[in-house]
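In what follows, a structure is listed as structure tokens, so that the remarks can point back to it.
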Amino acid sequence: MTTTRPAPEIPTRPVLRSAYQRAVATYWNNEKDPVNLRLGDVDGLYHHHYGIGDYDPAVLTGPAEGREQAIIAELHRLESAQAEVLLDHLGDIPRTGRLMDGGSGRGGTSFMANQRFGCQVDGVTISESQVEFANNQARERGVADQVRFHFRNMLDTGFETGSMNGIWTNETTMYVDLHDLYDEFARLIPFGGRYVCITGCYNDVTGGRSKAVSQIDQHYTCNIHPRSRYFEALADNNFVPINVVDLTAATIPYWELRAKSSVATGVEDPFLTAYREGSFHYLLIAADRI
């Protein structure tokens, strides 16, 4: 059965509205990091997030020939495992439903959502090169009638009010103001719908950004938020958390393995330092729209 998609809505304002947004878009338009592309080449699911779970130590001690590819495959497995956990928290989504991926990158999690739920998925990103890449992937996978990627600002998507059963953001909220973001998501998600976020956030208890967190900000041209701001912005926009999961301990093995790989970028040490010293947390927040 073929689902007829609604005609695409047109955003009412320019997608990129500030020098900062243009700088972020330029960064991701030009990004061709092997840590994203080589991992995605494993099975065609290209992620722009990190992993959770213990890695198989055998990948570090196997035969020299093929060892690096085994490490790459293991890193990719951990990243896909992270996406599966995120999708678990969306709940039951009907095949007739519609989901949005806020900051969709090259589309990996969007394709996984479509495979799991069989529903329509719309990804939005301010990177035109990511939109082109992901839509090409959708055509190659034969799901372009169900999974579509848009050059749009997730702060003002242009989609119809109440049109989404659920929305997720996977390590993308550090690029936007949270109150503005959740105001838009509250418009898109009707009463009872679900929003799921996985993000890094700095620990309010430690009193501001640590040196390691600031290094992560600088590396990715982002602005990591304090943990408290997520819950304030959600409450102010009629979202009530139903699950909050601290994934910090679960993500450390991924970073330890990545630091030993050929795709290490230099940001591994700040991540590991921040997680281990407690100045940085890796959280999953699932919240219902009320």
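The values are calculated or read from the model by the stated rules, or taken from the named source; none is laboratory data. The shown structure was predicted, so the numbers you read here are calculated from the model rather than taken from an experiment. Positions of Cβ are generated from backbone atoms using ideal geometry, with glycine treated the same way; all protein chains shown enter the neighbour counts. Ligands, DNA and RNA are excluded from the accessible area calculation, which covers all protein heavy atoms including side chains. Shrake-Rupley method; radii C 1.70, N 1.55, O 1.52, S 1.80 Å.
Laid out as a table, the results:
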{"item": "Selected residue (criterion: nearest to PHE149 (Cα to Cα)) from residues of segment 49-77 that are touching a residue at least 24 places away in the same chain (Cβ under 8 Å) and open to solvent by 60 Å² or more (accessible area, probe 1.4 Å)", "result": "ARG77"}
{"item": "Residue check, GLY207 more than 30 Å from LEU37 (Cβ to Cβ) and more than 20 Å from the chain's Cα centre (by Cα)", "result": "yes"}
{"item": "Filter result for the condition that a residue is in contact with a helix residue (DSSP H, G or I) (Cβ under 9 Å, 6 or more places away or on another chain) and either at positive phi or not aromatic (Phe, Trp, Tyr) (or both), over ILE189, ILE198", "result": "ILE198"}
{"item": "Residue match in segment 52-60 (condition: under 16 Å from the mean Cα position of the chain (by Cα), modelled with pLDDT of 95 or more and assigned to a loop (DSSP other than H, G, I, E, B))", "result": "yes"}
{"item": "Restricting segment 17-48 to residues that are within 18 Å of LYS260 (Cα to Cα) and in contact (Cβ under 8 Å) with a residue 12 or more places away in the chain, the residue that is surrounded by the most Cβ atoms within 10 Å (Cβ to Cβ)", "result": "LEU39"}
{"item": "Members of segment 89-139 found to be touching a residue at least 12 places away in the same chain (Cβ under 8 Å) and of a type in the set (Asp, Glu), listed by number", "result": "ASP101, ASP122, GLU128"}
{"item": "Segment 175-202, residues that are surrounded by fewer than 17 Cβ atoms within 10 Å (Cβ to Cβ) and of a type in the set (A, V, I, L, M, F, W, C)", "result": "PHE191"}
